[in-house]
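The values are calculated or read from the model by the stated rules, or taken from the named source; none is laboratory data. Bear in mind the structure is a predicted one, so any value in this text is a computation, not a measurement. Because the Cβ atoms are built from the backbone with ideal geometry, glycine has one as well, and the counts that use them run over all protein chains shown.
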Amino acid sequence: MISRQSLIVAKWEFLRFFKWKQQLVSYLLMLGVMAAVALWSFFTDESRQQYRIAVPAQLQIVNTEQFQFQRPGIGFEAQLAQMRSDSSWHAVISEEQGELVVHTLTGKKWLAQLEAVLQQHYRQLSAEKMGLSATQLSQLEQPVSISTRYLDQSYKGKDTPEKMIALGALILLFVGLSTAFGQVLVSITGEKQQRVTEQLYAIVTPQQWMDGKVLGHSFSALKAMITSGLVMLLAFAVVSLFAEKAIDLSWLNIGVVLWLVPFALLGVVLCASFMGAIAASIDDPNNSGKSAVMMITWLPMVFTFMVIDSPAGWGMTLLSFVPLTSFAAMPVKMAMVTVPWWQPLLSLLLLLATVYWMRRVAGRVFLRGMQMYGKEPSWGDIVRWALSNKTE
Amino acid sequence: MQLIVTAISKAYASVQAVKQVSFQINSGEIFALLGPNGAGKSSIIRMLVGMTQPDSGSIMISYQDQHFDHVPRRFLGYLPEDRGLYPDKSIEKNLLYLAQLHGLTKSKALTEMDYWLDVFELTERRHEDLKQLSKGNQQKVQLIAAVLHQPALVILDEPFSGLDPINQEKVVVFLKQLKAKGMTVILSAHQMAMVEKLADHMLLMAQGRVVLAGTLQHIQQQSQQQQRMKIATASAVTAEQLQQLHGVLSVEPLQAQHFLLTLAGDVSVSDCLKQLLQHAELTLIEMQTPDLHQLYLAAMAKHKPEVAA
C-alpha cells in the first residue's frame with residue numbers, strides 16, 4: 001500500500017524534473033536540427049542536376065534525365081582542356097585498352113550514378129551480342145520471388161507491421177529507462193550529498209521515501225515514453241503527408257498496446273527500484289563504480305532484440321516469463337505471435353511479485369546505507385541487506 | 001511529554017561512542033547536551049531520532065497517556081548536524097514540501113510558514129532559491145523546517161554552529177519562543193554562553209560519558225570545591241602577604257590593589273575576611289561564581305584521566 005507521504009515524495013520528484021519549458025525548447029531544437037539536415041540534404045542532392053558527359057563517337061548510349069551524353073567534334077585532349085577551362089563537360093569518357101575511363105575534375109557523388117548507367121548500357125550490349133532481347137534481359141535481372149508459409153498459425157510473420165510495434169515498444173522502454181537511470185542517480189545521490197536525507201528520515205520511513213522516489217521517477221519515465229511515442233507517431237504522420245499518402249494506423253494493434261501498458265509500467269517500476277537500491281548505496285557518485293551497474297536494466301531490451309526474429313523460440317519464451325526480462329520480452333512476443341491469455345497474465349503476476357520484493361530491497365538498502373555515515377557499503381553488505389527483513 | 005533515557009550505550013566498530021548515559025526530560029524543558037567534538041552528542045541524538053538503535057539501555061517516551069519505546073516521528077522536529085535542503089528550490093517550496101510530509105495541509109503550512117518567516121525576517125525572500133541565501137539564513141530556514149508542524153519534541157543538533165553572534169542571539173530568542181509554545185527542546189552545542197541562557201537541564205559529556213548533569217545551579221554546586229573572591233584594598237598589600245592567609249590557595253594580581261583569591265572549599269569566607277581586614281582596608285569584595293564554560297573546562301580537566309581510562 002502506498003502511503004500519503006510516498007505520494008507527496010513522488011509528486012515532488014516528478015515535478016522536480018518536469019521542466020516543460022526546457023522540454024519544449026529541446027523538442028523545438030530537435031525539430032530544428034531535423035529541418036537543417038533535410039534542407040542540407042535537399043541543397044546538396046546532386047541527382048536533381050543534369051550533367052554533360054563527353055563520350056567517344058562510337059559509344060551509342062541513350063541519354064537519361066540526369067546525364068546528357070554528347071559526342072563532340074573535337075579531340076580528346078581538347079575535351080579535357082574545355083572541361084578544365086570553362087566546365088563545358090562534367091566528365092569526359094575514353095576507351096583505353098578495352099576499358100572505359102571516366103575523366104573528371106574531382107570526386108563527386110553523381111559519379112557512382114554515372115557508373116551504374118554505363119554498367120547497364122554495357123550489360124545491354126552484351127545481351128544483344130548474345131541475342132537476348134531487352135525483355136529477356138530484364139527478366140534475367142529480376143530476383144526470384146520466394147515466399148514462406150508458416151505452419152505455426154500463431155506466428156504473424158517476419159516483416160509484418162506487428163514487428164514495428166515490437167521494435168517501437170523496445171525503443172520506448174529504452175527511452176523510459178534511460179530517463180529513469182539519469183534521474184534516479186542524480187536525485188538519490190544528490191540528496192545524500194546535499195544532506196537532505198537525514199532531515200527526511202526524521203519525517204518519513206526509508207520505505208516511504210524510496211517508494212516515493214521510485215514512483216516519481218517511474219512517472220517521469222512513463223511521461224518520456226508517452227511523449228516519445230507521440231513524437232514517433234507525429235513523425236510518421238508528417239512523413240505520410242510529405243509522401244502524399246493517407247495516414248494509415250491500421251498496423252497499431254490496440255490489444256497489444258493495452259497489454260504493453262501494464263508491462264511497461266511494472267517494468268519501469270522494477271528497474272527504478274533496482275536503480276534506487278544501487279543509488280542508495282552510493283555515497284559519492286564521482287568516486288563510485290556502482291553507478292555503471294544500474295545499466296544492467298538495459299539488458300532485457302538487448303536480450304529481447306537478439307531473439308526478436310524467433311518470437312516463438314525457447315529464448316523468447318524464457319525471457320517472457322523471467323520477471324527481470326518479461327516486461328520487455330512478453331509485449332514483443334505478443335506483438336509477433338498469438339499467445340494464450342494465461343501466459344501474459346502469469347508473466348504479469350510474477351513481475352508484480354518481483355516489483356514488490358525489489359522495492360522492499362531498495363528501502364532496506366537506503367536505511368542501512370544511511371546508517372553507515374559516509375562509508376560506502378560493499379556488494380556483500382548489499383546482498384545481506386537485500387536478503388534481510390529489516391525495514392526500520 | 002516525558003522522555004526517559006536509561007543507560008544507553010552505542011559502539012561503532014572499535015569506538016565506544018556512548019557509554020551508559022541516562023537522563024530525563026520533562027515537558028516544556030530545554031535540555032542541552034554539551035561536549036567537544038566526538039563527545040557522543042550526535043550519537044545520542046541519532047538514537048533519539050531512531051536512525052540508530054542503542055546497543056543496550058532504553059529510550060521511553062510518554063505523551064498524553066501514551067507510552068512508546070522510541071520517539072514516534074509525528075512527535076519529532078529535527079535539525080540534523082549535517083544539514084541541507086534543496087538548494088535549487090525556493091524557501092517556500094522547501095518548507096511546504098517538508099510541512100506536507102509532516103501531515104500539514106497546504107493552508108495550515110502556509111499560515112505557520114508566514115509566522116516563522118516573519119520571526120526570522122525572511123518573509124520578503126520566501127520566493128528566492130535557497131542557494132541565493134547566506135549560510136546563516138539557510139540555517140534559519142532549516143530551523144523553521146524543524147518546528148513548522150509544531151512538534152512536541154524538537155531536537156536540534158548544533159543549532160548555533162556557523163552563525164554569527166547576532167544570529168546566535170536570534171536562535172536563543174527562537175528557542176525561548178519554542179519553550180513558550182510548550183515544546184520540549186533537546187539541543188547539542190559547545191557554545192556554553194548560549195546554553196547558559198537557555199537550558200533548564202544539561203548534560204556535559206566527554207568521550208561518550210556523562211561528566212556533569214543537572215541544572216546550571218546544580219552543576220555549579222556539584223563542582224564547587226573551590227571558591228573565588230575578587231578584592232580591592234585601600235592600602236598597599238602584596239600578593240605574597242595574601243598568600244600567607246589561612247585557606248588561601250592562590251592569589252592572582254589583577255590590577256593596582258586588585259586581586260583574585262582562590263579559597264579552599266571548606267574555608268569560611270567570613271573567617272577569611274577577618275584575616276584580610278587585619279592587613280588592609282577593603283574597598284571591594286566580590287564572590288565569583290564560575291560560568292558554565294569554566295565549570296566545563298574544570299570538569300573536563302578533572303575527568304580527563306578517568307575518561308581516558
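Quick notes on this one:
- Criterion (on the phi < 0 side of the Ramachandran plot, within 14 Å of another protein chain (Cβ to nearest Cβ), free of Cβ contacts under 8 Å to residues at least 12 places away in the same chain and not acidic (Asp, Glu)) met by exactly one of B:Val15, B:Val49: B:Val15
- Residues in segment B:134-149 that are in contact with a helix residue (DSSP H, G or I) (Cβ under 7 Å, 6 or more places away or on another chain) and away from chain A (no Cβ under 14 Å): B:Gly136 alone.
- For B:Asn37, the conditions (1) at pLDDT 90 or above; (2) more than 10 Å from every other protein chain (Cβ to nearest Cβ); (3) closer than 27 Å to B:His190 by Cβ are fulfilled apart from (1).
- If the condition is being under 39 Å from the mean Cα position of the chain (by Cα) and either in contact (Cβ under 8 Å) with a residue 60 or more places away in the chain or in a loop (DSSP other than H, G, I, E, B) (or both), then segment A:60-79 contributes A:Thr64, A:Glu65, A:Gln66.
- Output for segment A:187-201, where each listed residue is more than 7 Å from chain B (Cβ to nearest Cβ) and out of contact with any helix residue (DSSP H, G or I) (no Cβ under 7 Å at 6 or more places or on another chain): A:Gly190, A:Lys192, A:Gln193
- Within segment B:216-234, the set of residues being assigned to a loop (DSSP other than H, G, I, E, B) and at pLDDT below 85 comprises B:Gln224, B:Gln225.
- Candidate set from segment A:353-362 (those that are surrounded by 15 or more Cβ atoms within 10 Å (Cβ to Cβ) and out of contact with any Phe, Trp or Tyr (no Cβ under 8 Å at 6 or more places or on another chain)); member that is farthest from A:Gly267 (Cα to Cα): A:Arg360
- Selection status of B:Lys10, surrounded by 18 or more Cβ atoms within 10 Å (Cβ to Cβ), more than 30 Å from A:Ala10 (Cβ to Cβ), at pLDDT below 95 and away from every other protein chain (no Cβ under 12 Å): no
- The residues in segment A:244-289 that are in a helix (DSSP H, G or I), among the polar types (S, T, N, Q) and either at pLDDT 90 or above or crowded, with 24+ Cβ neighbours inside 10 Å (or both) can be counted, and the count is 1.
Listed here are the residues, each with its yes/no results for (1) farther than 30 Å from A:Met1 by Cβ; (2) assigned by TED's automatic domain parsing to the domain that holds A:Leu270; (3) modelled with pLDDT under 90; (4) basic (Lys, Arg).
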site	(1), (2), (3), (4)
A:Met301	yes, yes, yes, no
A:Ala312	yes, yes, yes, no
A:Gly315	yes, yes, no, no
A:Ser326	no, yes, no, no
A:Ala329	no, yes, no, no
A:Gln343	no, yes, no, no
A:Leu346	no, yes, no, no
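- Within segment B:80-131, the set of residues being acidic (Asp, Glu) and in contact with a strand residue (DSSP E or B) (Cβ under 7 Å, 6 or more places away or on another chain) comprises B:Glu81, B:Asp88, B:Glu128, B:Asp129.
- Considering segment A:137-149, and only residues there that are surrounded by fewer than 12 Cβ atoms within 10 Å (Cβ to Cβ) and in a helix (DSSP H, G or I), the residue that is nearest to the chain's Cα centre (by Cα) turns out to be A:Glu141.
- Residue in segment B:60-71 that is more than 13 Å from chain A (Cβ to nearest Cβ), surrounded by 14 or more Cβ atoms within 10 Å (Cβ to Cβ) and modelled with pLDDT of 90 or more present: yes
- Pick from segment B:109-119, criterion more than 26 Å from B:Tyr63 (Cβ to Cβ) and either surrounded by fewer than 20 Cβ atoms within 10 Å (Cβ to Cβ) or among the β-branched types (Val, Ile, Thr) (or both), ranking: farthest from the other protein chains (Cβ to nearest Cβ): B:Asp118
- Scanning segment B:82-108 for residues that are within 14 Å of another protein chain (Cβ to nearest Cβ), without any contact (Cβ under 8 Å) to a residue 40 or more places away in the chain and in a helix (DSSP H, G or I) yields B:Glu92, B:Lys93, B:Leu96, B:Tyr97, B:Gln100, B:Leu101, B:Lys106.
- If you filter segment B:31-58 down to residues that are outside any helix (DSSP H, G or I) and aliphatic (A, V, I, L, M), you find that the one that is surrounded by the most Cβ atoms within 10 Å (Cβ to Cβ) is B:Leu33.
- Yes/no for A:Val204 being modelled with pLDDT of 85 or more, within 14 Å of chain B (Cβ to nearest Cβ) and part of a helix (DSSP H, G or I): no
- Count of residues meeting criterion [without any contact (Cβ under 8 Å) to a residue 12 or more places away in the chain, among the hydrophobic types (A, V, I, L, M, F, W, C) and within 14 Å of another protein chain (Cβ to nearest Cβ)] in segment A:1-59: 1
- Which numbered condition A:Gly216 misses (of (1) within 14 Å of chain B (Cβ to nearest Cβ); (2) under 25 Å from B:Val49 (Cα atoms)): (2)
- Failed condition for A:Thr189, given (1) among the polar types (S, T, N, Q); (2) in a helix (DSSP H, G or I); (3) surrounded by 15 or more Cβ atoms within 10 Å (Cβ to Cβ); (4) outside the structural domain of A:Trp298 (by TED's automatic domain parsing): (4)
- Taken across segment B:120-128, residues that are under 19 Å from B:Lys89 (Cα atoms) and within 12 Å of another protein chain (Cβ to nearest Cβ) do not occur at all.
- Inter-residue pairs, beta-carbon under 6 Å, first charged (D, E, K, R) and in segment B:133-160, second at pLDDT below 90 and in a helix (DSSP H, G or I), 6+ apart: B:Asp157/B:Ser42
- Counting only residues that are surrounded by 13 or more Cβ atoms within 10 Å (Cβ to Cβ) and not in a loop (DSSP other than H, G, I, E, B), segment B:253-268 holds 7 of them.
- Among (1) outside the structural domain of B:Phe174 (by TED's automatic domain parsing); (2) under 13 Å from A:Ala202 (Cα atoms), the one test that B:Pro72 misses: (1)
- All conditions in (1) more than 13 Å from chain B (Cβ to nearest Cβ); (2) farther than 26 Å from A:Gln23 by Cβ hold for A:Leu167, with the sole exception of (2).
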